[in-house]
Amino acid sequence: MPFFNDRERAALEWTEARTRVAGTHMPGELYERVSAQFIEEELVALTFAVIVINCWNRLAITFRPPVGSYQPKAVAVSA
């Protein structure tokens with residue numbers, strides 16, 4: 001895809017593999033390609049971001065909230 005650079009493509013591929021971990025089982029060659037684009041701390045942060053997003057998606061799928069139903073509550077500011 002010409003719209004993404006190598007680093008962005010690596011992040012997208014990593015995200016897809018983490019999301020479909022049951023089928024991909026984290027291929028070693030993917031780890032090598034992605035770790036060439038990210039230092040360890042960045043790869044850890046990316047992995048945790050993917051995990052959190054996947055968690056929220058699984059919660060939403062499980063509880064099926066109506067789309068557009070979320071309304072944030074007002075938060076009182078204490079002085």
- Do the conditions hold for residue 47, that is, is it polar (S, T, N, Q), open to solvent by less than 50 Å² (accessible area, probe 1.4 Å), out of contact with any Ser or Thr (no Cβ under 7 Å at 6 or more places or on another chain) and part of a helix (DSSP H, G or I)? yes
When residue 3 is run through (1) open to solvent by 60 Å² or more (accessible area, probe 1.4 Å); (2) part of a helix (DSSP H, G or I); (3) free of Cβ contacts under 8 Å to residues at least 24 places away in the same chain, the failure sits at (2)
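Which ones in the stretch 54-76 are open to solvent by 100 Å² or more (accessible area, probe 1.4 Å) and either modelled with pLDDT of 95 or more or charged (D, E, K, R) (or both)?
58, 64, 73
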In the stretch 6-44, residues that are of a type in the set (Ser, Thr, Tyr), in contact with a Leu (Cβ under 9 Å, 6 or more places away or on another chain) and surrounded by 15 or more Cβ atoms within 10 Å (Cβ to Cβ) total 1
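The values are calculated or read from the model by the stated rules, or taken from the named source; none is laboratory data. Given the structure is predicted, the values throughout are model-derived calculations rather than measurements. Note that each Cβ is placed from the backbone with ideal geometry, even for glycine, and that neighbours are counted across all protein chains shown. Ligands, DNA and RNA are stripped out before the accessible areas are found, and what is left, the full protein with its side chains, is counted by its heavy atoms. Shrake-Rupley method; radii C 1.70, N 1.55, O 1.52, S 1.80 Å.
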